[in-house]
Each structure stands twice: as C-alpha cells, then as structure tokens.
1. Give me the residue from segment 258-278 that is of a type in the set (Val, Ile, Thr) and open to solvent by 30 Å² or more (accessible area, probe 1.4 Å) and, out of that set, farthest from ALA160 (Cα to Cα).
2. Taking helices (runs of 4 or more DSSP H) that do not extend beyond segment 1-87, which have at least 3 residues that are within 16 Å of CYS105 (Cα to Cα) and touching a residue at least 12 places away in the same chain (Cβ under 8 Å)?
3. Show the residue pairs that are 6+ apart or on different chains and have beta-carbon atoms under 9 Å apart, the first residue being within segment 168-194 and on the phi > 0 side of the Ramachandran plot and open to solvent by 10 Å² or more (accessible area, probe 1.4 Å), the second being of a type in the set (Gly, Ala, Ser) and assigned to a strand (DSSP E or B).
4. State which residue is modelled with the highest pLDDT when the search covers only segment 21-51 and only residues that are among the polar types (S, T, N, Q) and out of contact with any helix residue (DSSP H, G or I) (no Cβ under 6 Å at 6 or more places or on another chain).
5. Considering each of MET232, MET288 in turn, give the residue that is open to solvent by 30 Å² or more (accessible area, probe 1.4 Å) and modelled with pLDDT of 95 or more.
6. Answer yes or no as to whether GLY109 is over 23 Å from the mean Cα position of the chain (by Cα), under 29 Å from ILE192 (Cβ atoms) and of a type outside the set (Val, Ile, Thr).
7. Please enumerate the residues belonging to segment 108-161 that are among the hydroxyl-bearing types (Ser, Thr, Tyr) and open to solvent by less than 20 Å² (accessible area, probe 1.4 Å).
8. When the residues of segment 1-38 are filtered to those that are open to solvent by less than 40 Å² (accessible area, probe 1.4 Å) and among the polar types (S, T, N, Q), which remaining residue is farthest from SER164 (Cα to Cα)?
Amino acid sequence: MTVVIAGATGYIGKAVVAESVKRGYNTVALVRSLDKIFSDEGQRLYGETFKGAKVVQVDVSDADELTKCMSSIDIPVDTIVSCLASPVGTKKEAYAIDYQATLNCLNAGRNSGANARHFILLSAFCCRRPLLQLQQAKLKFEAELAAQNDLTWSVVRPTAFFKSVSGQLEGIQNGNPYVLFGDGAVTRCNPIAESELAEYILNCMTDESKCNRIMNIGGPDEPLTNKMLGDMMHKAAGLEPRYVYAPTWIFDSIINTFQVFATLTKNQFLEDAAEYARIGKYYAVEDMLTTDPEEKYGTITMQDHYNKIANQGQDPFTPIRATAFIGKAIDAFPIIGAIGIPATFFATHPELAPTPTSLQIALSGFLSP
C-alpha cells in the first residue's frame, strides 16, 4: 500500500512519515528540497525520521510538476496525506499553501496517472470559528474536497499540538516569568502528541467510519487552562511557579496600531504584522478543547511531554515564544509593556512610520461613527 505525504518536513508531517514506515507502507515523502533533509542541519533536525521512506523533491505549488511526480510513482498510490500548512498565516501565504498547494495535491491524486483512492487532510480545530485568513483558506479547500467524488476523504482537525504550548520552557528555565493572558483561565485546551496524531491520521486509511467525515481530535487530558499548563511546566522544570498576567487587550492595542499604519501606508508588511497579531490574540482567547470521549485519542499527557522536554530538551521544531520578552516588559513596566511591541517596531523601522498629519487622518477614519 503506497502512502504519499505532502508537507513531510513539517512538525506533524515528519511524524506521519515515521508512522507510515513503521506500519510497513510504501512511504513517499514529498519535500521541496532534498538539502533540507540530507544537509548537516537537516540531519540534526530529522535524524532517522526518513529512513525507510522514498524522499522525492517536488514543488507542490507547481501543479504540473506535482502531477507528473505523482503519476511517476512506481506502485499505484492508495492514499495521499496532506500536512501542508502556511508557516506564517498571512493571506497570501495561507491561500498559496493551505488552499492552492493542497488543491494541487488533490488534483494530482485525481489524475488518471496516479488514480489515488483516499485523501487525508490535516486541518485545524480552530476552523470551527474562522476569524483568520489561514482558517478561511483551509475551509475553502475543505469545501472543494467534499464536493468532489473521485476520492474518498477524511479531514482531521486536531485541537493543538504539544509544541504550541511548550514555547515558554526556555524562558522560565532562564529565570523569566511565565506569561498568562487574562486571569490564566481564559482558554482551555487538550493538545495531542504528534506521534499519536500521526497514528490517528493513518487510521483514517482503513477505518471506514472515518471516511468522508470531518473529525475533531484532542489528547487524553481533561481541560487544561493556561495556568494549569504553567504549573505543569514549572513542576517539570523543578521550579517554583512565577507568573505575570498580560491583559488580553494588549493584542487589540498591537492589532489596531499595525492596522492603522497598514491602512495609512498601504504597506503589505504592516498588513501582515496586523494579521500575526490577530493570530496571537485568537490563540490567547479561544478554547482549543474537545471533551467528547469519541474525540479524544492517545495516552501521552501534557505532563508527560513537559517532563520529557525538561530533561531531554525541546524538539527543534518548537517555536520559542516572544512571551519571554513580553514577560520581562510587563514585569518591569506594566503599562509600557502593553505598547512596547509596536513602538519598538516603528523605532527600528522608521521608513515605515507615517507622519503625524497622515496618522491623524488615518485615525479619524477609525474613530468616526
């Protein structure tokens, strides 16, 4: 049975590759660059992850190249797994990757040269409340996937990944406070381990009950607040908990600042910065939680994960959060910390800062009834 995995070098993609090889499937890993895996840096990041898989270099954004690649696979393709995701989440990137490149994978599988049977999409739980460009791009593809009849399909929407709630570890180990938004209980989550998510994804190949369905999936934990995650992380690190509380309106301050300047200057970089801030706010105030027993999978808990990374070090794919900087700023200057990020940005990018007169014009448009 042949499984083709797009987005194979990503955090979840690499886990799916490893799980597919483990199950004895003929595993084809699509990558943009072979150097990303086989260079010295690639070996540091991936190690033996791709051992046993056939690694194929292809640009998934090139529909013709991808179709030729898929048609040239020796053994007929059974299942295509797309773990593609925009690394930044801006509108341009989201529609290029989460929509168009993913659609290219679907169409390549539908082509008579590949004639795939099943398509599995790694989507996101947050698509249930789509306020961001990346969510809208994913939903646009989900709609096209469900509308076609050439392949059966499964859409897997994980609540959150372990890496997404692990980025403050280095900060607290270096003496910084753990940053809580709101009262520390604004949001709840039950993330899932990447290895167990990979299991669930590949189970969709053979479990008919998962065919032509959109499925939410989370880990085994009961609802975890941000404060509870902080307590777990401090426990794993052997440290006394120390917190600073950031008001959630800090995001509105940052978003509005960037958006005003973006509207004024028509600068795409600033527009993207506003979207980054919206993404930050979304995940600071929205639950990533499923409590339905049928939507929980696995046995690895967040405490298990924190214990592991506290002793063995972070997965290199874990983003190191800017919350260490935020924590220091709020700890030292509670008011200044709320406006420090946009102010620092424009202090270091003066060529993008508007004039006082033009800023007054821009603000009048936002403040007028």
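1. Checked segment 258-278; the qualifying residue farthest from ALA160 (Cα to Cα) is THR265.
2. 63-71
3. Listed pairs, sorted by first residue: GLY182/ALA246.
4. Only one residue tops the list, namely ASN26.
5. Exactly one of MET232, MET288 is open to solvent by 30 Å² or more (accessible area, probe 1.4 Å) and modelled with pLDDT of 95 or more, namely MET232.
6. yes
7. Passing the criteria: SER123, SER154, THR159.
8. THR2
The values are calculated or read from the model by the stated rules, or taken from the named source; none is laboratory data. No experiment lies behind these values; they were computed from the predicted model shown. Note that each Cβ is placed from the backbone with ideal geometry, even for glycine, and that neighbours are counted across all protein chains shown. Just the protein is used for accessible areas: all its heavy atoms, side chains included, with ligands, DNA and RNA removed. Shrake-Rupley method; radii C 1.70, N 1.55, O 1.52, S 1.80 Å.
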